[in-house]
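Undergrad: Please read through the structure below; I'll follow up with questions.
The values are calculated or read from the model by the stated rules, or taken from the named source; none is laboratory data. As the structure is a computational prediction, the values presented were derived from the model and not from experiment. Quick reminder, even Gly has a Cβ in these numbers, built from the backbone with ideal geometry, and neighbours come from all protein chains shown.
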Amino acid sequence: METQTLETQPKSNVVAMSTASELDYVSIVKSNAQRKSNNGKTLATNKGKVSLLTACIDEVRSLLGMDKVDDNGEKTRIPIEHVEKLKAVISDLLKGELQAMVQDAESIGAAIRIRRNYLAPKFNDDKGLIDVSLKSSWQSTKEQARNSANYRMGVVISLANAEKREKQMLSSGKYTEETLAKCRRQIRVSQAILAKIDAKPVN
């Protein structure tokens, strides 16, 4: 039996042996979890069609200099300690974000709703089947920000956007009576809410 040397071992084994044990797992997870958002910060447990964990594993594999597939065409596995550390960071990140969301909601007197373990059916167009999964949700009601500066800013933005759409419709002539009426209704509602907010001190 031929004894393998460092030079004759598979590349993945050499990398696993020679790589430092610590990577910046927090940065790796955050960079893959964060999504672009026009309103607030968004984190997601998936990236495209793959899970957040898979995306992070792919990045670690790249950082370690490992090939995506081995000589047999199979996907190269990174050392298990990296996978376990990524799982722990993902768990901590999600727990921390949820705790921060609850604290933010409580700070402005939000009503919090938590719905656990409900069935969510979804029709699959490709397979012609109905898939049912068990889900949970967390939300704070819209009343949470009625007295906050953030809510007022949201109304101001909504009003400005509606007024801009109305001008574009009228200048281009590309609109229907229904779309114009809907836009003007949003303007009236936003103006009324803004007037109501400004009639009392903002907490």
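Undergrad: Given the criteria touching a Leu at 6+ places or on another chain (Cβ under 7 Å) and free of Cβ contacts under 8 Å to residues at least 60 places away in the same chain, does Asn32 qualify? Steps first, answer last, please.
TA: Details: touching a Leu at 6+ places or on another chain (Cβ under 7 Å): yes; free of Cβ contacts under 8 Å to residues at least 60 places away in the same chain: yes.
Yes.
Undergrad: Between residues in the stretch 105-131 that are touching a residue at least 40 places away in the same chain (Cβ under 8 Å) and residues that are surrounded by 10 or more Cβ atoms within 10 Å (Cβ to Cβ) and not hydroxyl-bearing (Ser, Thr, Tyr), which pairs lie under 7 Å by C-beta distance while being six or more apart or on different chains?
TA: Qualifying pairs under 7 Å: Ile108/Gln144; Ile108/Ala145.
Undergrad: Looking only at the stretch 149-179, which residues are surrounded by 14 or more Cβ atoms within 10 Å (Cβ to Cβ), of a type in the set (A, V, I, L, M, F, W, C) and over 30 Å from the mean Cα position of the chain (by Cα)?
TA: Across the stretch 149-179, the qualifying residue is only Met169.
Undergrad: I'd like to check something: does the stretch 122-129 contain any residue that is surrounded by fewer than 11 Cβ atoms within 10 Å (Cβ to Cβ), of a type in the set (D, E, K, R), more than 25 Å from the chain's Cα centre (by Cα) and farther than 24 Å from Lys196 by Cα?
TA: The answer is yes, given that some residue of the stretch 122-129 is surrounded by fewer than 11 Cβ atoms within 10 Å (Cβ to Cβ), of a type in the set (D, E, K, R), more than 25 Å from the chain's Cα centre (by Cα) and farther than 24 Å from Lys196 by Cα.
Undergrad: Give me a count of the residues in the stretch 180-203 that are touching a helix residue (DSSP H, G or I) at 6+ places or on another chain (Cβ under 7 Å) and loosely packed, with under 13 Cβ neighbours inside 10 Å. Quick ask: steps written out before the conclusion?
TA: The first filter runs over the stretch 180-203 and keeps only residues touching a helix residue (DSSP H, G or I) at 6+ places or on another chain (Cβ under 7 Å), leaving 180, 183-184, 186-187, 190-191, 193-194, 197, 202.
Narrowing further to those that are loosely packed, with under 13 Cβ neighbours inside 10 Å: 202.
Total meeting the criteria: 1.
Residue by residue, here is whether (1) among the charged types (D, E, K, R); (2) modelled with pLDDT of 85 or more; (3) not assigned by TED's automatic domain parsing to the domain that holds Gln103 holds:
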site: Tyr118; (1), (2), (3): no, yes, yes
site: Asn124; (1), (2), (3): no, no, yes
site: Gly128; (1), (2), (3): no, no, yes
site: Val132; (1), (2), (3): no, yes, yes
site: Lys135; (1), (2), (3): yes, yes, yes
site: Asn150; (1), (2), (3): no, no, yes
site: Val155; (1), (2), (3): no, yes, yes
